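Everything below concerns the one structure shown next.
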């Protein structure tokens, strides 16, 4: 649960009547978490999306992990989990050394990132619409 920003619990309570929808929507907002499964196994959620996008941007697993607050070991474990679910690599890597090494998403992983990102945005948009309708319906009672 996300903490409120700079307000006490009593400040965030609505004193409105049941029919006062604008006061409700000032304080309430829909939140949800979505994820993708592959053949019934967890594949990726929002943090995996952020991690893969960060690896794509930075070109390294370590820097991608820093972007999401994961240790290098955690990154490797999460990648292994995804690869086990898919049965194939998620990243193409090259070892470090003088050339610096690096990592880039496979075409399939890049496609998953795009699909998940667009889907997540659409779910959030539709959720806001449905939430607004539910609030308005309750105001009509």
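The values are calculated or read from the model by the stated rules, or taken from the named source; none is laboratory data. Everything numeric here is computed off the predicted structure, so don't read it as measured data. When we count neighbours, we look across all protein chains shown, and the Cβ atoms used for this are built from the backbone with ideal geometry, even at glycine.
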Considering (1) touching a strand residue (DSSP E or B) at 6+ places or on another chain (Cβ under 6 Å); (2) under 30 Å from residue 134 (Cβ atoms), say which one residue 28 fails and leave the rest. (1)
Taking the criterion of being part of a helix (DSSP H, G or I) and modelled with pLDDT of 95 or more, would at least one residue in region 94-106 satisfy it? no
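Quick check on my filter: what residues within region 38-56 are more than 11 Å from residue 116 (Cβ to Cβ) and touching a helix residue (DSSP H, G or I) at 6+ places or on another chain (Cβ under 8 Å)?
Our first condition is that a residue be more than 11 Å from residue 116 (Cβ to Cβ); within region 38-56, this holds for 38-42, 47, 51, 54-56.
Listed by number, the residues that qualify are 38, 39, 41, 42, 47, 51, 54, 55, 56.
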Scanning region 63-93 residue by residue, those over 14 Å from residue 44 (Cβ atoms) and not in a loop (DSSP other than H, G, I, E, B) turn out to be 63, 65, 66, 67, 72, 73, 74, 76, 92, 93
Can you name the residue in region 64-117 that is at positive phi and surrounded by fewer than 17 Cβ atoms within 10 Å (Cβ to Cβ) and is also nearest to the chain's Cα centre (by Cα) among such residues? 69
Just name the residue that is nearest to residue 88 (Cα to Cα) out of those in region 33-66 that are without any contact (Cβ under 8 Å) to a residue 60 or more places away in the chain and in contact with a strand residue (DSSP E or B) (Cβ under 7 Å, 6 or more places away or on another chain). 37
